[in-house]
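Read the structure below first, then the notes.
Derivation of every value follows stated rules applied to the coordinates shown; laboratory data play no part. Only a predicted model underlies this, so the values are computations on that prediction, with no experimental measurement involved. Positions of Cβ are backbone-derived with ideal geometry, glycine not excepted, and every protein chain shown enters the neighbour counts.
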Amino acid sequence: MQLNVPNKVNIVEVGPRDGLQNEKQVLTAGDKVELINALSECGMNHIEAGSFVSPKWVPQMANSEEVLRAITRTDGVIYSALTPNMRGYEGAFKAKADSVAVFASASEAFSQKNINCSIADSIARFKDVIAQAKKDNIPVRGYVSCVLGCPYEGEVSMSEVLSVTKTLLELGCYEVSLGDTIGVGTAGKTHSLLNLLLSQIPANKLALHCHDTYGQALANVLIGLQQGIATFDSSVAGLGGCPYAKGASGNLASEDLIYMLTNMNIETGINLKKLAVVGNNISTKLNRHNQAKSGIALRS
Ligand code: HMG
Ligand code: MG
């Protein structure tokens, strides 16, 4: 069967942020630095290294500044961080993040629970962040959460997803990552959502960020690939979840994503064997079950 898919894909490794933000055990800055350095040695060229949010809300990310300052920077690798407001942006800038990300939601209830403000208020905050980042020459990525369902509201309107996504792009985000925050998306729904978004937004402005709660993430990625999406977020060992989305399991495991892509002859630039070792090591360190099936299979 001949599949019409991109021949090269960008991976955004979100394990050190989205993964670790929801692990019970808070890793020391030293352990995080070791993880991030190991990920770059596998060929990851965009690593979300931390977030500059309230340590009262997400204590797991409190040492992000120390982490960003201590990593060994590899040429060509983007080390990025989440920044919900100007205070966060200033922290990330001081710590020399190469790129920052603002994160909105397509669900009002999730916006309130996650960042304590309405969608409209969050956009107003992001305007300031994006304007300052532009002056500083720092690229800004956008996220939209709950694109395929919300833990509080259930169904989320696709036209709201479209509207928030377009707003973030118009404000100056170089790309918007579509977050299936609680992993409820399935192939048909993903296809319908992308059909709508791609009728107004070029595929190279969109990324898919799938959580794997119901084991549907790879199927959704395949739908995205067939619709021309070429950037996917994933997390080594399938770490994590979201502290404000009860029941959300980790992101799609990077190892499983790369196994699929490599075997479809899609270039990622990532060494899967090395990555599997990193995934097994971090799972052992966190005393948790490795969520990457390919990571387990490659262990022996
Ligand atoms: P707030 O309470 O509304 O803000 O929080 P505030 O301005 O009233 O400040 C309250 C306190 O937070 C003050 O400290 C501020 O100084 C402090 P206090 O006086 O109480 O000691 N503060 C900060 N501290 C550090 N860094 C900052 C900062 N800003 C204020 N940047 C805020 C608003 C957004 C800060 C808060 O709600 C928060 O930190 N939320 C955490 C959000 C978060 O990290 N969620 C997880 C990431 S999103 C996600 O996982 C989804 C994604 O993966 C995509 C997907 O899957 O869908 C991206
Ligand atoms: Mg997420």
Legend entry - Size of charge dipole - the chain - debye, nearest 20, with Cβ of Lys, Arg +1 and Asp, Glu -1, no other charges: 320
Inset, instruction - Among 213, 269, 290, pick out the residue whose Cα is farthest towards the positive end of the charge dipole of the range 151-300, where Lys and Arg carry +1 and Asp and Glu carry -1 on C-beta, about the Cα centre. - result: 290
Inset, instruction - Calculate, in nm to one decimal, what residue 135 and residue 226 gain on full extension: separation in residues at 0.36 nm each, minus their alpha carbon distance. - result: 29.1 nm
Inset, instruction - Please list, or write none, the aspartates and glutamates whose alpha carbon is within less than 19 Å of the alpha carbon of residue 8, excluding same-chain residues fewer than 8 places away. - result: 175, 233, 255, 256, 267
Inset, instruction - Please report, to two decimal places, log10 I(q)/I(0) for the range 151-300 at q = 0.08, 0.13, 0.15, 0.21 Å⁻¹ as given by the Debye formula with identical point scatterers on the Cα atoms and no solvent. - result: -0.23, -0.60, -0.79, -1.33
Inset, instruction - Would you pull out the residues with amide H under 5 Å of residue 156's amide H, same chain only if 5 or more places away, H placed 1.01 Å from N? - result: 149, 150
Inset, instruction - Report the paramagnetic label zone for residue 54: residues of the range 18-42 whose backbone N is under 13 Å from a point 7 Å from Cα along the Cα-to-Cβ axis. - result: none
Legend entry - Dipole magnitude of the range 113-152, debye to nearest 20 (Cβ charges: Lys/Arg +1, Asp/Glu -1, about Cα centre): 60
Legend entry - Nonlocal amide H pairs with residue 12, under 5 Å, H built at 1.01 Å: 232, 233, 234
Legend entry - All-pairs Cα distance distribution in the chain, expressed in whole percent, bin size 20 Å: 38, 60, 2
Legend entry - Estimated distance in nm for a label pair at residue 128 and residue 8, the labels positioned 7 Å out from Cα along Cα-to-Cβ: 3.9
Legend entry - R0 of 35 Å, Cβ-Cβ distance residue 28-residue 293: FRET efficiency to nearest 0.05: 0.75
Inset, instruction - For the chain, calculate the relative contact order in percent as a whole number, restricting contacts to Cα pairs under 8 Å that are 6 or more residues apart. - result: 20
Inset, instruction - Could you work out how far apart the two model spin labels at residue 277 and residue 118 are, taking each label as a point 7 Å from the Cα in the direction of the beta carbon, and quote it in nm? - result: 5.3
Inset, instruction - Can you list which of the trypsin sites (Lys or Arg not before Pro) found in the range 45-103 are DSSP loop residues with at most 11 other C-beta atoms within 10 Å? - result: 56
Inset, instruction - Place +1 on the Cβ of every Lys and Arg and -1 on the Cβ of every Asp and Glu in the range 1-142, take the dipole about the Cα centre, and give the residue among 68, 7, 26 whose Cα lies farthest towards its positive end. - result: 68
Inset, instruction - State to the nearest 20 debye the size of the charge dipole of the range 138-285 about its Cα centre, where the only charges are +1 on K and R beta carbons and -1 on D and E beta carbons. - result: 280
Inset, instruction - Would you look at the GNM of the chain, springs on alpha carbons closer than 10 Å, and say which of 188, 88, 224 moves the most? - result: 188
Legend entry - Using θ = phi - 60° and Karplus 6.51 cos²θ - 1.76 cosθ + 1.60, couplings along the range 162-179 (whole Hz; Gly, Pro as x): 4, 5, 5, 4, 4, 4, 4, 5, 5, 6, x, 5, 7, 7, 10, 9, 8, x
Inset, instruction - Only helical DSSP H runs with n ≥ 4 go in: add -39500 (n - 2.57) per run for the chain, normalise by residue count and round the 222 nm mean residue ellipticity to 500 deg cm²/dmol. - result: -12000 deg cm²/dmol
